[in-house]
1. Check off (1) within 9 Å of chain B (Cβ to nearest Cβ); (2) open to solvent by 10 Å² or more (accessible area, probe 1.4 Å) for C:Gly83 and give me the number that stays unchecked.
2. Quick one: is B:Gly303 modelled with pLDDT under 85, closer than 27 Å to B:Leu215 by Cα and more than 10 Å from chain A (Cβ to nearest Cβ)?
3. Answer yes if at least one residue in region C:166-174 is outside the structural domain of C:Val80 (by TED's automatic domain parsing), surrounded by fewer than 22 Cβ atoms within 10 Å (Cβ to Cβ) and farther than 18 Å from C:Glu318 by Cα, and no otherwise.
4. Hey, can you tell me all the residues within region A:87-107 that are open to solvent by less than 10 Å² (accessible area, probe 1.4 Å) and assigned to a helix (DSSP H, G or I)?
5. If I filter region B:266-283 for residues that are away from chain C (no Cβ under 14 Å) and either open to solvent by 30 Å² or more (accessible area, probe 1.4 Å) or touching a Ser or Thr at 6+ places or on another chain (Cβ under 8 Å) (or both), do I get at least one hit?
6. How many of the residues making up region A:241-279 are at pLDDT below 90 and not in a helix (DSSP H, G or I)?
7. Across region A:56-86, what is the total count of residues that are polar (S, T, N, Q), open to solvent by 20 Å² or more (accessible area, probe 1.4 Å) and assigned to a helix (DSSP H, G or I)?
8. What is the number of the single condition among (1) part of a helix (DSSP H, G or I); (2) open to solvent by 10 Å² or more (accessible area, probe 1.4 Å); (3) within 11 Å of chain A (Cβ to nearest Cβ) that C:Phe191 does not meet?
Amino acid sequence: MSLWLLVDPHLWQQTLVYAAPLIIAALGELIIERSGVLNIGIEGMMLVAAVTCFVVTWQTRSAAAGIVAGMGAAAILTLLLVYYAVALGGPQITVGLGLYVLGVGLSSLLFRVVFGVRTSPPSVQTLAPVPLPGLADLPVVGHVFFHQTLLTYLAFLLVPLVHLALFRTPWGLRLRATGENPRSVDALGISVERLRYGAAAVGGLLIGLGGAYLPIVLTGTFSDNMTAGRGWLALMLVIFGRWMPFTALGGALLFAYVEAFQFKAGIVEKAVPVQFLLMLPYLFALVVLVRIYRGARAPQALAVPYDREARG
Amino acid sequence: MSAESRPAVAEAVVVPVRSGGRSRVTTAVLTYVVAVALAAAVSALFILAMRGDVALAFRTILSSSLGSVAGIAQTLNKISPLLLGSMAVMLARQGGFFNIGVDGQMYAGAIVATGLAFAVGGALPLVLMLPLALLAGFAGGAALGAVPGALRARWGVNEIFVTVMLNFIAYYLTEWVATGPWNDPITGEAITRVLPESATLPMLLPAAGAHAGVLIALVMSAAVAVLLGRTLLGYEIRTVGDNPRAATLGGVRLGRITLVTLALSGALAGLAGAIEVVGYHNRLILGLTPGYGAMAILIAVLGRMHPIGVAVASALVAVLMVGADSLQRSVKLPASAGAVFQAIVVLCVLLVEARAARRARG
Amino acid sequence: MDRRSFLALTLAGAAARPGLAAAQAKRKMAMIMPGPIQDADFNAVGYLALQQVAKTYDLQVSHSESVVVADAERITREYVTAGYEIVANHGGQFIPIMNKLAPQLSNATWIQEASGRLPNLPKNVWNIGRKFHQGFYVLGALGALATKTDRVGMVCGVRLPDVITSVNSVAQAIKDVNGKAQLLYNWVGDFNDPVKARQTAEAQIAAGADFIVVFVNLGLSGVIEAVKAAPRPVLLTTFYTEKWDLAPKNLAISLLFDFNKPYHEIVGKILKGERTGYYEMRPGSGMELSEIRNVPPGVGDKVRAIFKDVVGGKAIPEVLDKTP
């Protein structure tokens, strides 16, 4: 197996395409966690977004309608989680898990109810790549970077956008404060609940976008459990990225690279049992996470229900 | 999440009901009654929306899991992994940790038990092989649980993500052994050969198919309760879970407790995996755990992180799981409807509980 | 509700429905499936065969889909206790359960699918042996004949015996038909993950493949997307059902599985009292070729001739212990 495989431009192009849903969902979760709420139901929410996007696109023949519907569906679930967390002070991790289980079942059920039994699976047209004029013609890099779908471009644009929103706007400042020390925010007369609901809405929309990416860009269909653990990966990427957008992007690219590499390697490498190759991205993520974890600090008030009457 | 925020995170999962004494139990029971009623109402609406017969559905759920010896037997079988899994989660939680890796640890225990059985099962009598196999499962789960434990103890790495990643890794490892070296080719699936006879759990209700795993689960649960309530180790674990800084000041070695707690938690899950292999399937199959890990966490919370509560909740969820699946055949609902139904029930219970707790806090 | 009132209610309900007496005269058959029947693939064809058999033999039928092995025993017991005398296991993962229950519940008859002849078959079990590799030999031959880059790809799901034998027979076909062509294959790790299947196919296309033999189920849609986005025309195969509308310009052929054939014959025999036997599902008996499209003229005829040979008994080695 030649080392040239590592720098194959096709590999980089694959990395970008498959990192995109991860980074979009991770950015959504990042916003939610920065406000102090821990949402571990991402996987279920992405699935619901995926099926909603697929069904709506199929009915309306409009990818845009499907994407928006998918984003909305995920946002509803995220708001439900934050309702539990904020209005009821309830157990976030458990409710998140409950929503995960609900999302898995509901997505499968919705698909079944809409489409029933067929001998040919329903499908929609996926988004076509939009080459950026001029840039797409550059040798090597042109095809890798500038020949992607609009959603893929958006995924990478979102990283600096979210960074700016979190670190350069008043809203972002208040949001981060809510995650670190909600009492101080409350003392200023700003509503902690409103900020957390707001973060949930924005974050939920992004998680939904990440979920919708899968059918509308990659497969043109929906199948049960099609996220295959990407929601959990997004959760991990937030920690990996130390709750910062650009570092999370690095993690997403790394993971997608190893995954794409594994497929290429699988064609020529036959001595290693295939399951060990399939484990590679997860092992890799684990090892890298351990290496860079030292010093990673979560928002202080993460997963702590804010109780304004409580003392201290 | 840093160590300092852990006690607060504990609150995020276990909602304490701050009313004292006897009324606490009454409140809890009332909460459950209301919760179940709400869940039943929401589910009825849901079943109506799916054009099902609501009365038939509710009858089926109970009759299929409890209305016949066969049903009870299968419900008992299901209690074994659910109880052990939720005990694992509860034990970790008492130390302040989140074990989301029960599925992976079940597979790890199952793999080690299967391997040992294939290696020496032919040469040993049942009375030796069976305990060894169960012990192997215990050890396999402990080994996998020790990984997040060690990483947390040494470098403060959050165990949620380690355990989630290990779930995938253990799954692929199982896929390898079940399709490669131990595969039974005639099945054409990711299933191993049959285990030797000596590695077979005795049956509780042979005609109905219930194996003795539920007894083992109950005994181990009692052991965990004793460990937590009556031993020094249990005390240390609970202190760490309550307030790690105070515990350290009190002389508890945080790193050691972290490792031991998560390893023990994994061991319980690994034992559950071994029981599924030697009791239920007599083989190691991919799909040994159809999501028991997630249900275990939900059960642990429903049981308020208390051994008796967890045991009761396990039984109830087993009934629910068995019953919900039967909806397919009685009310002609698709399979996914059962999962949605279960999730609705759990979310309703959580909702009512959270509201009650909020009110109790005043 | 206690058992007595439950029983009373059920009986009252039964008495209140006049048609029930007549319906109760029907014999009952159940089918257990590992996946959802809306997959438009393996499980769907099983479901359709069940419905067809119900009509032909006037049976009352029921099915359970997405059954995980952990639940199969309970579900089977439920069916048998409810009077279902025929239980069809549409998948090899249920073999251990069949082995356990068939001897115990001897008044029911099983139909069990497997990769071939099952050892120690209980006296009340019919065995359907599905010989995938024989059908895939023909698909491999088509690939070898149709490829212009001399690279045939194969997207394989999980590394299971059926798939291993099929990879080997595809490699064999390529050797027999076009010595210059090379087989590029790898394992997705999942039959039903379209995203991973797409990545697998893209890797093979990037390595030069212009014909892909597909051995995944729901993953097919991912392979189709990869093919549609490919820089050169790529053809692909599918199996179980025809799926032309998914990729009319790229699908070349489908290896059709007609489960009606084995189930029709076996259920007929069971109803007459013959409760055990072996049915081999292979090219000519349950496996057929669809039309062949999008390939150069003449290739289709050659492939049909090869298929006829296989039907007639051409020996295709069933290699299980290694892969090319």
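The values are calculated or read from the model by the stated rules, or taken from the named source; none is laboratory data. Note that this is a predicted model, so its numbers are computed, not measured. Glycine gets a Cβ as well: all are built from the backbone with ideal geometry, and neighbour counts include every protein chain shown. Calculation scope for accessible area: heavy atoms of the full protein, side chains included, ligands and nucleic acids excluded. Shrake-Rupley method; radii C 1.70, N 1.55, O 1.52, S 1.80 Å.
1. Single failed check for C:Gly83: (1).
2. Numbers: modelled with pLDDT under 85: yes; closer than 27 Å to B:Leu215 by Cα: yes; more than 10 Å from chain A (Cβ to nearest Cβ): yes.
For B:Gly303, the condition - modelled with pLDDT under 85, closer than 27 Å to B:Leu215 by Cα and more than 10 Å from chain A (Cβ to nearest Cβ) - is met.
3. The answer is no; no qualifying residue exists.
4. Selection gives A:Gln92, A:Ile93, A:Thr94, A:Val95, A:Gly96, A:Leu97, A:Gly98, A:Leu99, A:Gly103, A:Gly105, A:Ser107.
5. no
6. Residues meeting the conditions: 7.
7. Step one: of region A:56-86, the residues polar (S, T, N, Q) are A:57, A:59-60, A:62, A:78.
After this cut, where a residue has to be open to solvent by 20 Å² or more (accessible area, probe 1.4 Å) as well, the list is A:59-60, A:62.
Now restrict to residues that are assigned to a helix (DSSP H, G or I): A:59-60.
The qualifying residues number 2.
8. For C:Phe191, the failing item is (1).
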